[in-house]
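Participant: Just dropping this structure here.
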């Protein structure tokens with residue numbers, strides 16, 4: 001018999017359904033892992049359920065999706081890099097990652113997932129940086145998250161201490177990873193091809209990975225214009241990186257471009273015509289001084305009909321992994337940068353963290369909105385807090401006022417993973433202490449150290 005859960009008497013349910021309905025005094029009915037009813041509370045008042053959750057004074061939203069988040073290593077050494085180091089931090093970062101043991105990567109991944117889930121992110125893409133997927137699968141299992149994984153590959157020299165494979169090795173590893181991991185944990189794990197970046201991958205590797213995902217009916221993500229490329233438009237690069245991917249036949253509806261900084265309006269049209277998707281990481285872009293509003297053409301991409309989602313990138317560069325901060329930033333940055341208050345309204349910001357992100361990841365049939373038949377991935381916000389009041393327009397409150405601290409309950413696949421602000425799957429403080437020790441050991445073993453500029457006495 002299916003197990004039923006009723007979440008009742010919510011102050012507001014932000015459905016993000018095709019009509020963008022907001023239900024005042026709403027309820028949800030869930031059977032096992034899927035939503036079966038979204039209705040006014042009175043309509044479900046007498047409907048029995050195995051479990052009833054009181055959502056009084058709660059705002060319910062779809063679970064947020066983070067389309068680009070390196071989870072496996074960032075928390076161990078979070079916050080150690082000086083602001084002005086810029087991209088020079090990458091070699092240090094990947095040197096640290098290269099010496100992580102399976103046990104260390106399991107714990108750091110679990111802590112990252114704990115933070116993400118506590119702040120309402122239920123689905124994420126780890127773009128291939130996890131080394132020990134066998135170990136980390138246990139973190140995915142325990143946390144209950146929905147995740148897209150892969151194996152980051154490159155076959156060209158790079159300045160970042162990334163492993164370099166032969167083209168054949170990289171393609172074989174990509175195939176092996178997809179065939180092994182795609183569909184694990186009752187479908188909560190998807191596996192994609194993850195060539196690192198055009199600059200460090202041969203044409204053969206890029207074409208080969210695209211051919212693989214077409215064959216295996218899965219996706220591909222790639223770091224695309226991660227920083228504004230100084231070579232763009234120079235003699236060394238006669239076409240844009242976007243144009244080159246298009247010329248190689250690598251773009252398509254199963255391809256997601258991460259970052260997309262420094263693209264041109266012509267590039268926007270190329271992306272749109274190909275059906276490719278984009279994930280932007282505003283927290284990482286602005287901390288890296290990328291000139292987000294001028295180099296990341298988010299309004300232009302949306303106008304062209306490109307599916308665009310939000311990511312946060314790693315906790316080592318953005319320092320933030322909270323989808324709500326990303327929502328806030330895209331809603332305010334473009335208003336200021338373009339000197340136009342009509343840019344990226346709050347409603348669009350919510351879409352970018354939910355249904356548009358789901359479209360950018362090819363998951364919109366199952367997640368990204370609260371509709372009958374979709375997976376029960378949702379967030380309940382406690383509005384009995386000062387930052388939520390006064391409460392008249394829950395969209396404005398969600399984007400401009402609230403933050404992850406008001407997340408009360410999180411559900412993934414019908415399973416409650418956060419309840420009363422606490423993760424249900426782990427002793428959070430014990431895990432935090434464990435990862436602190438891991439970080440200290442990693443820095444000692446790697447020799448990487450960036451002491452505080454202010455004396456710690």
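Participant: How many residues does region 107-129 hold that are in a helix (DSSP H, G or I), touching a residue at least 40 places away in the same chain (Cβ under 8 Å) and closer than 26 Å to residue 170 by Cα? Talk me through it step by step, then tell me what you get.
Facilitator: Taking region 107-129 and keeping what is in a helix (DSSP H, G or I), we get 107-118.
Filter once more, keeping what is touching a residue at least 40 places away in the same chain (Cβ under 8 Å): 107-108, 110-118.
Next, from what is left, pick out any that are closer than 26 Å to residue 170 by Cα: 108.
Qualifying residue count for the region: 1.
Participant: When you go through 403, 427 one by one, which is the residue that is modelled with pLDDT under 95 and within 18 Å of residue 112 (Cα to Cα)?
Facilitator: Working: 427 fails: modelled with pLDDT under 95.
Matching residue, one of 403, 427: 403.
Participant: Can I ask one more? Considering only region 303-310, I want to know if a residue exists there that is in a loop (DSSP other than H, G, I, E, B), in contact (Cβ under 8 Å) with a residue 60 or more places away in the chain and under 20 Å from the mean Cα position of the chain (by Cα).
Facilitator: First, the residues of region 303-310 that are in a loop (DSSP other than H, G, I, E, B): 304-307.
With the extra rule that they be in contact (Cβ under 8 Å) with a residue 60 or more places away in the chain, the set shrinks to none.
The answer is no, given that none of the residues of region 303-310 is in a loop (DSSP other than H, G, I, E, B), in contact (Cβ under 8 Å) with a residue 60 or more places away in the chain and under 20 Å from the mean Cα position of the chain (by Cα).
Participant: Inside region 71-96, can you point out the residues that are under 26 Å from residue 123 (Cβ atoms), in contact with a helix residue (DSSP H, G or I) (Cβ under 9 Å, 6 or more places away or on another chain) and part of a helix (DSSP H, G or I)?
Facilitator: Correct list: 74, 75, 76, 77, 93.
Participant: Which one of the conditions (1) touching a residue at least 40 places away in the same chain (Cβ under 8 Å); (2) in a loop (DSSP other than H, G, I, E, B); (3) touching a strand residue (DSSP E or B) at 6+ places or on another chain (Cβ under 8 Å) does residue 358 fail to meet, given that it meets all the rest?
Facilitator: Only one criterion in (1) touching a residue at least 40 places away in the same chain (Cβ under 8 Å); (2) in a loop (DSSP other than H, G, I, E, B); (3) touching a strand residue (DSSP E or B) at 6+ places or on another chain (Cβ under 8 Å) is unmet by residue 358, namely (2).
Participant: Mind checking whether some residue in region 154-161 is touching a strand residue (DSSP E or B) at 6+ places or on another chain (Cβ under 8 Å), farther than 26 Å from residue 406 by Cβ and surrounded by fewer than 24 Cβ atoms within 10 Å (Cβ to Cβ)? Lay out the reasoning, then the answer.
Facilitator: So in region 154-161, the residues touching a strand residue (DSSP E or B) at 6+ places or on another chain (Cβ under 8 Å) come out as 154.
This time we only want the ones that are farther than 26 Å from residue 406 by Cβ, so: 154.
Add one more test, that the residue is surrounded by fewer than 24 Cβ atoms within 10 Å (Cβ to Cβ), and what stays is 154.
Yes, region 154-161 has at least one match.
Participant: Now for a different question. Of the conditions (1) crowded, with 24+ Cβ neighbours inside 10 Å; (2) part of a loop (DSSP other than H, G, I, E, B); (3) modelled with pLDDT of 90 or more, residue 59 satisfies every one except a single condition; which number is it?
Facilitator: (2)
Participant: Return only the number of the condition from (1) modelled with pLDDT of 95 or more; (2) buried (at least 17 other Cβ atoms within 10 Å of the Cβ) that residue 422 does not satisfy.
Facilitator: It is condition (2) that residue 422 fails.
Participant: Just to be sure, is residue 342 surrounded by 23 or more Cβ atoms within 10 Å (Cβ to Cβ) and either in a strand (DSSP E or B) or at pLDDT 95 or above (or both)? I'd like the intermediate steps shown before the answer.
Facilitator: Details: surrounded by 23 or more Cβ atoms within 10 Å (Cβ to Cβ): no; either in a strand (DSSP E or B) or at pLDDT 95 or above (or both): yes.
Criteria not met by residue 342.
Participant: For region 42-54, indicate whether the set of residues that are surrounded by 24 or more Cβ atoms within 10 Å (Cβ to Cβ) and either under 24 Å from residue 133 (Cβ atoms) or out of contact with any helix residue (DSSP H, G or I) (no Cβ under 6 Å at 6 or more places or on another chain) (or both) is non-empty. Outline the logic, then answer.
Facilitator: First, the residues of region 42-54 that are surrounded by 24 or more Cβ atoms within 10 Å (Cβ to Cβ): none.
There is no residue in region 42-54 that is surrounded by 24 or more Cβ atoms within 10 Å (Cβ to Cβ) and either under 24 Å from residue 133 (Cβ atoms) or out of contact with any helix residue (DSSP H, G or I) (no Cβ under 6 Å at 6 or more places or on another chain) (or both).
Each row is one residue, and each column tells you yes or no for (1) surrounded by fewer than 19 Cβ atoms within 10 Å (Cβ to Cβ); (2) assigned to a helix (DSSP H, G or I); (3) within 21 Å of the chain's Cα centre (by Cα); (4) at pLDDT 95 or above.
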| residue | (1), (2), (3), (4) |
| --- | --- |
| 267 | no, yes, no, yes |
| 294 | yes, yes, no, no |
| 328 | no, yes, yes, yes |
| 331 | no, yes, yes, yes |
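Participant: Quick check on region 437-457. Is at least one of its residues surrounded by 17 or more Cβ atoms within 10 Å (Cβ to Cβ) and under 30 Å from residue 385 (Cβ atoms)?
Facilitator: Checked against the condition, which is being surrounded by 17 or more Cβ atoms within 10 Å (Cβ to Cβ) and under 30 Å from residue 385 (Cβ atoms), region 437-457 yields no hits at all.
Participant: Right, here's the next one. One residue is enough: does region 96-103 have a residue meeting the conditions surrounded by fewer than 20 Cβ atoms within 10 Å (Cβ to Cβ), assigned by TED's automatic domain parsing to the domain that holds residue 78, at pLDDT 95 or above and over 30 Å from residue 414 (Cα atoms)?
Facilitator: Quick first cut of region 96-103, residues surrounded by fewer than 20 Cβ atoms within 10 Å (Cβ to Cβ) only: 98-99, 101-103.
Those left that are additionally assigned by TED's automatic domain parsing to the domain that holds residue 78: 98-99, 101-103.
Keeping just the survivors that are at pLDDT 95 or above gives 101-103.
Among the residues that remain, those that are also over 30 Å from residue 414 (Cα atoms) are: 101.
Yes; the residues of region 96-103 include at least one that is surrounded by fewer than 20 Cβ atoms within 10 Å (Cβ to Cβ), assigned by TED's automatic domain parsing to the domain that holds residue 78, at pLDDT 95 or above and over 30 Å from residue 414 (Cα atoms).
Participant: What's the total number of residues in region 383-408 that are touching a strand residue (DSSP E or B) at 6+ places or on another chain (Cβ under 6 Å) and either on the phi > 0 side of the Ramachandran plot or surrounded by fewer than 19 Cβ atoms within 10 Å (Cβ to Cβ) (or both)?
Facilitator: Number of matching residues: 0.
Participant: Do we have residue 136 as assigned by TED's automatic domain parsing to the domain that holds residue 314, closer than 25 Å to residue 62 by Cα and either surrounded by fewer than 16 Cβ atoms within 10 Å (Cβ to Cβ) or in contact (Cβ under 8 Å) with a residue 60 or more places away in the chain (or both) here?
Facilitator: On the way: assigned by TED's automatic domain parsing to the domain that holds residue 314: yes; closer than 25 Å to residue 62 by Cα: no; either surrounded by fewer than 16 Cβ atoms within 10 Å (Cβ to Cβ) or in contact (Cβ under 8 Å) with a residue 60 or more places away in the chain (or both): yes.
It is false that residue 136 is assigned by TED's automatic domain parsing to the domain that holds residue 314, closer than 25 Å to residue 62 by Cα and either surrounded by fewer than 16 Cβ atoms within 10 Å (Cβ to Cβ) or in contact (Cβ under 8 Å) with a residue 60 or more places away in the chain (or both).
Participant: Then there is this: Can you confirm whether residue 99 is touching a helix residue (DSSP H, G or I) at 6+ places or on another chain (Cβ under 8 Å) and either free of Cβ contacts under 8 Å to residues at least 40 places away in the same chain or more than 22 Å from residue 322 (Cβ to Cβ) (or both)? I'd like the intermediate steps shown before the answer.
Facilitator: On the way: touching a helix residue (DSSP H, G or I) at 6+ places or on another chain (Cβ under 8 Å): yes; either free of Cβ contacts under 8 Å to residues at least 40 places away in the same chain or more than 22 Å from residue 322 (Cβ to Cβ) (or both): yes.
Answer is yes for this residue.
Participant: Quick one: in region 296-321, of everything that is at pLDDT below 95 and out of contact with any strand residue (DSSP E or B) (no Cβ under 9 Å at 6 or more places or on another chain), which residue is surrounded by the fewest Cβ atoms within 10 Å (Cβ to Cβ)?
Facilitator: Ranking the qualifying residues of region 296-321, first place goes to 319.
Participant: Is it the case that some residue within region 35-43 is within 30 Å of residue 280 (Cβ to Cβ) and outside the structural domain of residue 148 (by TED's automatic domain parsing)?
Facilitator: Just the residues of region 35-43 that are within 30 Å of residue 280 (Cβ to Cβ), to begin with: 35, 38.
If we keep only those that are outside the structural domain of residue 148 (by TED's automatic domain parsing) as well, we get 35, 38.
Taking every residue of region 35-43 in turn, at least one turns out to be within 30 Å of residue 280 (Cβ to Cβ) and outside the structural domain of residue 148 (by TED's automatic domain parsing).
The values are calculated or read from the model by the stated rules, or taken from the named source; none is laboratory data. All figures in this text were calculated on a predicted structure; none of them were measured in a lab. Positions of Cβ are backbone-derived with ideal geometry, glycine not excepted, and every protein chain shown enters the neighbour counts.
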